[in-house]
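One structure below.
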Amino acid sequence: MDKQKSDWPDNIHNLMNEQVEGIREQEIRFLRIEEFNRVIQKTYQYSEKCQECKKFREEIETIVPDIRKVLLHPGKKRKKYDDLLDRLAKHLRNEHGIFPPLYFAYTYTAIGMGIGFIAGMIAETLRWLVLNRISWELWVGAIIIGLLIGHIKGMNKDTNIRRSGKTL
């Protein structure tokens, strides 16, 4: 691999830093600049073997030189930036198994809450059929247990993914 190819992510990162200099930190977070930089690193990492990542590199190279205009002036170019970032993240997640931080914790927590809600509803229905009485304790308890189990499982999976280097 020649020197120019290996410097690509650093050159893009330096160009991005020059372009966003002077933009408030709050706006940088809102515009997901750090996420974009992490996605660029991962795209470079997989671009030798993946043709789609290679195409994304070309798109990145066209958008980064005027990133300041893109970020500060909403419109078609901002939409193009947002779409590129979303497509890159989706490609990395689906094709290369790269996930955002806490992806599974959030997902499994939501699923656990849904399962807890359904389990609580079933438990309350059975309680009503057997005891002819309804209260909210089983329902709330089931939702809380579902949340906790989902969150713990999600955090375990996120930890394993982080250890394997598959996070953005």
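The values are calculated or read from the model by the stated rules, or taken from the named source; none is laboratory data. Small disclaimer: the values here were computed from a predicted structure and weren't measured. Ideal geometry is used to build each Cβ from the backbone, glycine not excepted, and the neighbour counts take in all protein chains shown.
Quick check on this structure: which one of Y44, Y108 is outside the structural domain of L138 (by TED's automatic domain parsing), in a helix (DSSP H, G or I) and either modelled with pLDDT of 80 or more or on the phi > 0 side of the Ramachandran plot (or both)?
Numbers: Y108 fails: outside the structural domain of L138 (by TED's automatic domain parsing).
Criteria check complete, one pass: Y44.
Under 9 Å between Cβ atoms, which residue pairs at least 6 apart in sequence (or on different chains) link something in the stretch 139-168 that is without any contact (Cβ under 8 Å) to a residue 40 or more places away in the chain with a partner that is among the hydroxyl-bearing types (S, T, Y) and surrounded by 15 or more Cβ atoms within 10 Å (Cβ to Cβ)?
Close Cβ pairs satisfying both conditions: G146/T109; L147/T109; L148/T109; I149/Y108; I152/Y108.
Just one of (1) surrounded by fewer than 18 Cβ atoms within 10 Å (Cβ to Cβ); (2) farther than 18 Å from V39 by Cα; (3) small (G, A, S) trips up A142, so point out which.
The failed condition is (1).
Tell me yes or no: at least one residue of the stretch 130-138 is touching a residue at least 24 places away in the same chain (Cβ under 8 Å), surrounded by fewer than 15 Cβ atoms within 10 Å (Cβ to Cβ), more than 17 Å from the chain's Cα centre (by Cα) and not assigned by TED's automatic domain parsing to the domain that holds T43.
The answer is no, given that none of the residues of the stretch 130-138 is touching a residue at least 24 places away in the same chain (Cβ under 8 Å), surrounded by fewer than 15 Cβ atoms within 10 Å (Cβ to Cβ), more than 17 Å from the chain's Cα centre (by Cα) and not assigned by TED's automatic domain parsing to the domain that holds T43.
Per-residue answers, yes or no, for (1) surrounded by fewer than 14 Cβ atoms within 10 Å (Cβ to Cβ); (2) more than 30 Å from Q45 (Cβ to Cβ); (3) in contact with a Gly (Cβ under 9 Å, 6 or more places away or on another chain):
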| residue | (1), (2), (3) |
| --- | --- |
| L84 | no, no, no |
| A89 | no, no, no |
| L92 | no, no, no |
| E95 | yes, no, no |
| A105 | no, no, yes |
| T109 | no, no, yes |
| G112 | no, yes, yes |
| I118 | yes, yes, yes |
| W128 | yes, yes, no |
